[in-house]
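Have a look at the structure below, then the notes.
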Amino acid sequence: MPDHPSFDPPFATPQAEQARLLETLLEPLLNDMAESFERGLLLLEHCPESILSLGDQQRLLGALLEARGELRAARSLRAALPHGIGLDMNALTPWHRLVLEVWALSSRLRAVGVRP
């Protein structure tokens, strides 16, 4: 086997490749979700009750704050471990639904001329 600086032994390549792939895919996704949660909080500050009832605003606020905390905890856990770890789809699915809800609220606000 040639002694080349970029040569990885065959037994190490799949794990290193998987870790790189995981980071390449997961970290931007988590960044997007974090930005969406923050955007949702901003939208709620400017949301009239004619667009979303006060009760629905409170529910969405609670969901955004909870998801933001869960996301921070997941990132802290990932950072504390020596090897990259993935996240279960059961964790990501509710966050994804919340992102879609923020997009829908943003669309409704834009339709009535509210642009925070």
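Derivation of every value follows stated rules applied to the coordinates shown; laboratory data play no part. In this text the structure is predicted, and so the values were computed from the model without any measurement.
Quick notes on this structure:
- Note on the stretch 53-116: Rg/Rh from C-alpha atoms, Kirkwood Rh, equals 1.11.
- Length released on extending from Gln58 to Trp103, taking residue separation times 0.36 nm less the Cα-Cα span: 14.5 nm
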